[in-house]
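**Student:** I have a structure I would like to understand better, so I am pasting it below and will then ask my questions one at a time.
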Amino acid sequence: MKTTLFDFQETALAKLRDKLATARSPASVDNPQAISFSAPTGSGKTIIMTALFEDIFSGQPGFEPQPDAAILWISDMPELNEQTLRKIIHQSDRIRVGNLVTVDTWFDAERLPSGHIFFMNTQKLGSDKLLTRRGDGRQHTIWETLTNTARAASPDEPCRFYVVIDEAHRGMRQGGKAAEKAKTILQRFLLGSPDDGLCRMPLVIGMSATPRRFDALLSGTSHTVHKVHVPSDAVRESGLLKERILIHYPETANQAEMTLLSEAARRWQSVAERWKAYCKAEGDSDVSPILVIQVEDGSGKTLTKTDLAASLNTLEDAIGRQLKEGEVAHTFNDQNDLLVGNRRVRRIDASRIQEDKNIGVVLFKMSLSTGWDCPRAEVMMSFRRAQDHTYIAQLLGRMVRTPLARRIERDAALNDVHLFLPHYDQATVAAVIEDLKNAEDVPPAKVGIGRELVILHRREGMEDVFAAMAELITYRVNRVRRQSALRRLMGLGRGLTHDRIDEITLTDAKNKIVEWMAAEIQGLRDSDVLAERAKAYTGIDMKTIAVDRGTGVAEEQAPYIVEAAPIDIDRHFEQAGRLLGNGLHMDYWRSRSERDAGEVDAAEVKAAVVVLTKDSDAMARLERFAEEEFDALYAKHKRDIGRLREPRRQHYERLRLATADPRDVPWRLPETIDFRRDPKAPEYENHLYLDDDGRFRAELGNWEREVLAEELADTSVVGWLRNVDRKPWSLEIPYRDGGEVKPLFPDFVVARKDAKGFLFDILEPHDPALKDNAAKAVGLAEFAEKHGYLFQRIQLIRKVRGAGGGERYRRLDVGNAAVRREVLAVESNHQLDRIFENKARPREF
């Protein structure tokens with residue numbers, strides 16, 4: 001793949017391979033198998049499927065290659081097929097363009113040729129279409145072609161014909177109980193159609209964000225169903241989708257549409273300027289955001305009730321310039337280019353909007369929800385009325401993909417999407433919010449009104465504080481899919497070489513791994529294990545039974561060994577290479593060839609690598625070696641890594657975190673953060689991030705509010721941070737609960753100053769009635785054991801009743817070595833309560 005998959009995509013791909021390996025062995029016309037693949041809109045289902053196609057053709061360890069497979073991709077829209085085909089070309093480096101075939105009226109074959117991916121849309125499959133009828137030189141209907149392909153496989157071999165139904169929820173409605181009779185063209189692929197001569201397809205993969213109809217149809221059939229689901233949280237945490245959807249509307253619905261259009265235009269220009277500044281600083285290509293304007297329907301000869309000329313005039317007034325030629329486009333059906341006033345508004349297909357960087361404004365009615373993938377669409381204005389709220393929610397679901405396919409750290413405002421609704425009020429906006437929360441085909445994102453979802457900026461004059469905080473560390477728990485240490489080390493070496501931090505690192509890392517492989521193989525050879533195990537790959541034990549024709553007596557002859565065919569040894573060698581990764585099997589081969597001046601037994605070297613990868617003890621030692629090398633290399637260059645551009649830093653952080661045990665990373669607080677608060681929430685002083693009006697408002701619990709008041713009474717306090725849960729920038733501490741590693745987000749980080757510099761405190765007010773008290777206390781103590789030198793106080797805080805009946809806050813400081821030793825030994829909440837009684841103290845000034 002040219003594209004690096006996100007962790008959740010890799011996980012989904014692995015699950016699909018497993019399900020496919022299980023399904024394709026028994027799959028046949030008489031024993032049909034179906035895989036229901038469900039993932040939220042915006043999760044990159046096509047990318048995952050492209051990687052799966054590569055694995056079908058080329059194989060993976062434990063997943064045999066099928067270079068002679070045939071894949072049929074079906075959708076109900078030509079545009080969707082074209083978009084998918086272009087994505088596969090763009091993303092795959094193993095699927096040749098010539099093997100991607102669009103099935104059109106010219107197509108005529110007895111069966112689908114192997115080694116190809118075919119694209120077909122249902123609009124060409126009606127009874128009146130050329131593909132479904134013989135005549136005019138056509139020898140086979142498409143139904144016959146598909147049936148012949150489905151029945152061609154040997155019953156003793158895994159199925160090699162895969163049918164993929166895109167947007168599988170469409171065309172699956174049965175109208176009552178599911179029945180063994182197809183009512184739509186798409187259903188024929190699952191249920192067959194005897195009238196057309198089409199059999200059931202032996203192996204079908206249904207892709208959808210909303211698989212209920214697909215699953216419901218299958219529940220009434222004899223199909224064996226295998227399910228793969230991508231959770232929405234995994235997609236949101238990946239950074240692939242926008243963080244927030246901000247809805248802007250007037251206090252009362254009124255005729256303020258041009259006023260809100262002006263505001264939408266100014267927001268569009270503000271976003272454009274932010275993207276320009278960000279991309280310049282990070283060295284990325286400019287994003288060029290789009291303003292999407294939904295106009296009203298027309299009647300009779302009137303194209304739309306919305307005054308297009310007035311709308312474009314309003315846009316120009318708001319942005320302070322004339323719209324450029326070609327900057328405005330429309331997607332109205334049955335229309336060519338339009339002349340609006342003295343401006344040409346060109347017609348464009350929805351699927352082409354993203355790639356046309358000259359487009360800045362798109363006018364549409366109802367035609368963008370399907371076949372539209374445009375991460376550049378960042379601001380939307382709708383002239384439509386409140387009764388259209390369900391459709392608006394579905395449309396907005398197509399707008400939340402991030403333009404650079406990553407979360408932006410430097411400027412939190414670039415993780416937002418804006419929606420302007422002039423004809424809505426508080427009640428109807430609430431309906432839109434509910435649709436965005438509940439609709440299955442809307443990607444997960446935080447939704448709220450623009451007055452509540454705000455961007456906070458660093459407080460002026462706090463530059464020294466933030467510089468000091470850059471020396472602190474945090475953890476990221478379960479944020480990254482685990483990788484082998486070998487792959488992490490090679491990735492680190494490749495990155496350091498690519499970024500010119502250490503240009504020989506990749507070569508050094510590779511050479512060290514190859515040397516270690518050689519040492520392990522020599523160890524296997526010295527222990528007489530290698531030769532015996534290698535026989536399983538270099539030779540095949542044969543037996544012969546001789547049967548006397550006269551007597552019928554069978555006699556076993558002497559066994560003998562047949563040398564394995566090179567192609568079989570190569571197959572095992574390639575599988576070993578995929579386990580090692582990064583072409584290390586070939587590097588080992590080359591090193592042996594160079595050492596022995598080219599006189600090397602190919603089968604022997606390849607078998608040695610295969611035996612190595614099958615030896616769990618040897619591989620465990622190799623992993624430990626790679627882990628140690630990674631840690632040393634990362635520690636050596638982490639300062640240089642910290643100076644890199646944002647996407648490169650994120651790359652190294654993912655490598656650092658891709659382990660079973662949590663790892664610390666530098667705590668980087670961004671210039672801006674997103675925050676949710678009621679405009680009428682209480683105001684607090686000295687927060688490190690402030691709203692545009694220079695204030696900080698937040699809804700705090702009683703304990704949080706009272707603990708904060710104690711802190712702010714200390715004149716040495718110069719700032720504090722409300723440490724919001726599960727933000728990309730949050731301070732995060734790992735703790736173990738029931739054998740599972742979980743993240744803890746302490747409520748406050750407080751900055752104080754004395755004569756020597758800045759001091760930082762971690763404060764966690766925590767109700768003793770909660771079951772996780774002991775586990776979190778131990779987690780804080782373990783954090784303090786490793787990183788206590790960076791923080792002055794690390795406190796677990798409770799409200800307790802004193803002897804006189806009054807209540808006070810008492811603090812257990814695990815930054816104190818004596819206290820920490822006792823807390824580290826805690827195994828129950830009762831034990832922690834006793835320590836609190838004996839060791840906790842009020843705040844000292």
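**Student:** Residues that are within 27 Å of Phe845 (Cα to Cα), surrounded by fewer than 15 Cβ atoms within 10 Å (Cβ to Cβ) and among the acidic types (Asp, Glu): does segment 744-751 have at least one?
**Tutor:** Looking through segment 744-751, none of the residues is within 27 Å of Phe845 (Cα to Cα), surrounded by fewer than 15 Cβ atoms within 10 Å (Cβ to Cβ) and among the acidic types (Asp, Glu).
**Student:** Among the listed residues Glu452, Glu471, identify the single one that is touching a residue at least 60 places away in the same chain (Cβ under 8 Å) and either over 29 Å from the mean Cα position of the chain (by Cα) or crowded, with 17+ Cβ neighbours inside 10 Å (or both).
**Tutor:** Working: Glu452 fails: either over 29 Å from the mean Cα position of the chain (by Cα) or crowded, with 17+ Cβ neighbours inside 10 Å (or both).
Among Glu452, Glu471, only Glu471 is touching a residue at least 60 places away in the same chain (Cβ under 8 Å) and either over 29 Å from the mean Cα position of the chain (by Cα) or crowded, with 17+ Cβ neighbours inside 10 Å (or both).
**Student:** I'm told Lys510 meets every condition in (1) open to solvent by 40 Å² or more (accessible area, probe 1.4 Å); (2) in a loop (DSSP other than H, G, I, E, B); (3) in contact with a helix residue (DSSP H, G or I) (Cβ under 8 Å, 6 or more places away or on another chain) except one. Can you identify the failing condition by its number?
**Tutor:** Result: Lys510 passes all but (2).
**Student:** Among the listed residues Ala626, Ala620, identify the single one that is outside any strand (DSSP E or B) and buried (at least 20 other Cβ atoms within 10 Å of the Cβ).
**Tutor:** Numbers: Ala620 fails: buried (at least 20 other Cβ atoms within 10 Å of the Cβ).
Ala626 is the lone residue from the list that is outside any strand (DSSP E or B) and buried (at least 20 other Cβ atoms within 10 Å of the Cβ).
Per-residue answers, yes or no, for (1) aromatic (Phe, Trp, Tyr); (2) modelled with pLDDT under 95; (3) on the phi < 0 side of the Ramachandran plot; (4) over 27 Å from the mean Cα position of the chain (by Cα):
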{"position": "Asp334", "(1), (2), (3), (4)": "no, yes, no, yes"}
{"position": "Gly341", "(1), (2), (3), (4)": "no, yes, no, yes"}
{"position": "Arg352", "(1), (2), (3), (4)": "no, yes, yes, no"}
{"position": "Phe364", "(1), (2), (3), (4)": "yes, yes, yes, yes"}
{"position": "Thr370", "(1), (2), (3), (4)": "no, yes, yes, no"}
{"position": "Asp373", "(1), (2), (3), (4)": "no, yes, yes, no"}
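**Student:** Need the failing condition index for Glu243 against (1) touching a strand residue (DSSP E or B) at 6+ places or on another chain (Cβ under 9 Å); (2) modelled with pLDDT of 95 or more; (3) not small (Gly, Ala, Ser), just the number.
**Tutor:** In the conditions (1) touching a strand residue (DSSP E or B) at 6+ places or on another chain (Cβ under 9 Å); (2) modelled with pLDDT of 95 or more; (3) not small (Gly, Ala, Ser), Glu243 misses (2) alone.
**Student:** Next question, about the same structure. Here are some conditions: (1) assigned to a helix (DSSP H, G or I); (2) surrounded by 17 or more Cβ atoms within 10 Å (Cβ to Cβ). Ala709 meets all but one. Which one does it not meet?
**Tutor:** Of (1) assigned to a helix (DSSP H, G or I); (2) surrounded by 17 or more Cβ atoms within 10 Å (Cβ to Cβ), only one is false for Ala709: (2).
**Student:** Could you list, in sequence order, all residues of segment 774-811 that are polar (S, T, N, Q) and within 25 Å of Asp737 (Cβ to Cβ)? Walk me through how you get there before you give the answer.
**Tutor:** Going through segment 774-811, the residues polar (S, T, N, Q) turn out to be 792, 795.
Result: Gln795, single match.
**Student:** Being open to solvent by 20 Å² or more (accessible area, probe 1.4 Å) and either under 27 Å from Arg479 (Cβ atoms) or not in a helix (DSSP H, G or I) (or both) is the requirement here; does Arg321 meet it? Full working, then the answer.
**Tutor:** On the way: open to solvent by 20 Å² or more (accessible area, probe 1.4 Å): yes; either under 27 Å from Arg479 (Cβ atoms) or not in a helix (DSSP H, G or I) (or both): yes.
Here the answer is yes, as Arg321 does meet what is asked.
**Student:** Which count do you get for residues in segment 678-694 that are outside any loop (DSSP other than H, G, I, E, B) and under 35 Å from the mean Cα position of the chain (by Cα)? Can you show your working first?
**Tutor:** Our first condition is that a residue be outside any loop (DSSP other than H, G, I, E, B); within segment 678-694, this holds for 683, 687, 689-690.
From what's left, under 35 Å from the mean Cα position of the chain (by Cα): 687, 689-690.
The number of residues fulfilling the criteria is 3.
**Student:** Looking at segment 75-85, is at least one residue farther than 20 Å from Asn121 by Cα and out of contact with any Leu (no Cβ under 9 Å at 6 or more places or on another chain)?
**Tutor:** Within segment 75-85, not a single residue is farther than 20 Å from Asn121 by Cα and out of contact with any Leu (no Cβ under 9 Å at 6 or more places or on another chain).
**Student:** Here's another thing I want to ask about it. With respect to the numbered conditions (1) crowded, with 19+ Cβ neighbours inside 10 Å; (2) farther than 21 Å from Gln650 by Cα; (3) of a type in the set (Val, Ile, Thr), which one is the sole condition not fulfilled by Thr505?
**Tutor:** The one condition Thr505 does not meet is (2).
**Student:** Somewhere in segment 817-827, is a residue surrounded by 15 or more Cβ atoms within 10 Å (Cβ to Cβ), part of a loop (DSSP other than H, G, I, E, B), aliphatic (A, V, I, L, M) and over 39 Å from the mean Cα position of the chain (by Cα)?
**Tutor:** No, every residue in segment 817-827 fails to be surrounded by 15 or more Cβ atoms within 10 Å (Cβ to Cβ), part of a loop (DSSP other than H, G, I, E, B), aliphatic (A, V, I, L, M) and over 39 Å from the mean Cα position of the chain (by Cα).
**Student:** Collect the residues in segment 788-819 that are among the hydroxyl-bearing types (Ser, Thr, Tyr) and either in contact with a Lys or Arg (Cβ under 7 Å, 6 or more places away or on another chain) or closer than 14 Å to Asp767 by Cβ (or both), keeping them in residue-number order.
**Tutor:** Correct list: Tyr809 only.
**Student:** Among the residues of segment 623-643, write down those that are under 20 Å from Asp508 (Cβ atoms) and touching a helix residue (DSSP H, G or I) at 6+ places or on another chain (Cβ under 8 Å).
**Tutor:** Applying the first criterion (under 20 Å from Asp508 (Cβ atoms)) to segment 623-643 yields 623-641.
Glu623, Arg624, Phe625, Ala626, Glu627, Glu629, Phe630, Leu633, Tyr634, His637, Ile641, listed by residue number.
**Student:** Condition (residue is open to solvent by 20 Å² or more (accessible area, probe 1.4 Å), part of a helix (DSSP H, G or I), without any contact (Cβ under 8 Å) to a residue 12 or more places away in the chain and within 18 Å of Ala509 (Cα to Cα)) applied to segment 580-587: is it met by at least one residue?
**Tutor:** First, the residues of segment 580-587 that are open to solvent by 20 Å² or more (accessible area, probe 1.4 Å): 582-583, 586-587.
Going one step further and asking which of them are part of a helix (DSSP H, G or I), we end up with 586-587.
Subsequent filtering for residues that are without any contact (Cβ under 8 Å) to a residue 12 or more places away in the chain retains 586.
Then drop every residue that is not within 18 Å of Ala509 (Cα to Cα), which leaves 586.
Yes, because at least one residue in segment 580-587 is open to solvent by 20 Å² or more (accessible area, probe 1.4 Å), part of a helix (DSSP H, G or I), without any contact (Cβ under 8 Å) to a residue 12 or more places away in the chain and within 18 Å of Ala509 (Cα to Cα).
**Student:** Here's a follow-up. Take the residues in segment 516-537 that are within 21 Å of Ser591 (Cβ to Cβ) and among the small types (Gly, Ala, Ser), then tell me which one is surrounded by the most Cβ atoms within 10 Å (Cβ to Cβ).
**Tutor:** For segment 516-537, the residue satisfying everything is Ala534.
**Student:** Would you check which residues across segment 643-664 are open to solvent by less than 30 Å² (accessible area, probe 1.4 Å), of a type outside the set (S, T, N, Q) and either closer than 23 Å to Leu486 by Cα or not in a helix (DSSP H, G or I) (or both) and list them?
**Tutor:** Selection gives Pro647, Tyr652, Leu655, Arg656, Leu657, Ala658.
**Student:** Within segment 752-797, can you find the residues that are among the aromatic types (Phe, Trp, Tyr), in a helix (DSSP H, G or I) and buried (at least 17 other Cβ atoms within 10 Å of the Cβ)? Outline the logic, then answer.
**Tutor:** Keep residues of segment 752-797 that are among the aromatic types (Phe, Trp, Tyr), which gives 758, 760, 783, 789, 791.
Now restrict to residues that are in a helix (DSSP H, G or I): 783, 789.
Of everything in segment 752-797, just one residue is among the aromatic types (Phe, Trp, Tyr), in a helix (DSSP H, G or I) and buried (at least 17 other Cβ atoms within 10 Å of the Cβ), namely Phe783.
**Student:** Now a separate question. Looking at Leu644, Leu633, which is the one that is modelled with pLDDT of 95 or more and more than 30 Å from Asp55 (Cα to Cα)? Full working, then the answer.
**Tutor:** On the way: Leu644 fails: modelled with pLDDT of 95 or more.
Testing whether each residue is modelled with pLDDT of 95 or more and more than 30 Å from Asp55 (Cα to Cα) leaves just Leu633.
**Student:** I'm trying to understand the selection: among the residues of segment 665-674, which are open to solvent by 20 Å² or more (accessible area, probe 1.4 Å) and assigned to a strand (DSSP E or B)?
**Tutor:** Across segment 665-674, the qualifying residue is only Pro666.
**Student:** Is there a residue being crowded, with 17+ Cβ neighbours inside 10 Å, at pLDDT below 85 and on the phi < 0 side of the Ramachandran plot anywhere in segment 187-207?
**Tutor:** Checking segment 187-207: not a single residue is crowded, with 17+ Cβ neighbours inside 10 Å, at pLDDT below 85 and on the phi < 0 side of the Ramachandran plot.
**Student:** While we're looking at this one, here's another question. Only one of Glu251, Glu263 is open to solvent by 30 Å² or more (accessible area, probe 1.4 Å), part of a loop (DSSP other than H, G, I, E, B) and under 23 Å from Arg451 (Cα atoms); which?
**Tutor:** Within the list Glu251, Glu263, the selection yields Glu251.
The values are calculated or read from the model by the stated rules, or taken from the named source; none is laboratory data. These numbers come from a predicted model, not from an experiment. Quick reminder, even Gly has a Cβ in these numbers, built from the backbone with ideal geometry, and neighbours come from all protein chains shown. Surface areas here come from the heavy atoms of the whole protein model, side chains and all, with no ligands, DNA or RNA. Shrake-Rupley method; radii C 1.70, N 1.55, O 1.52, S 1.80 Å.
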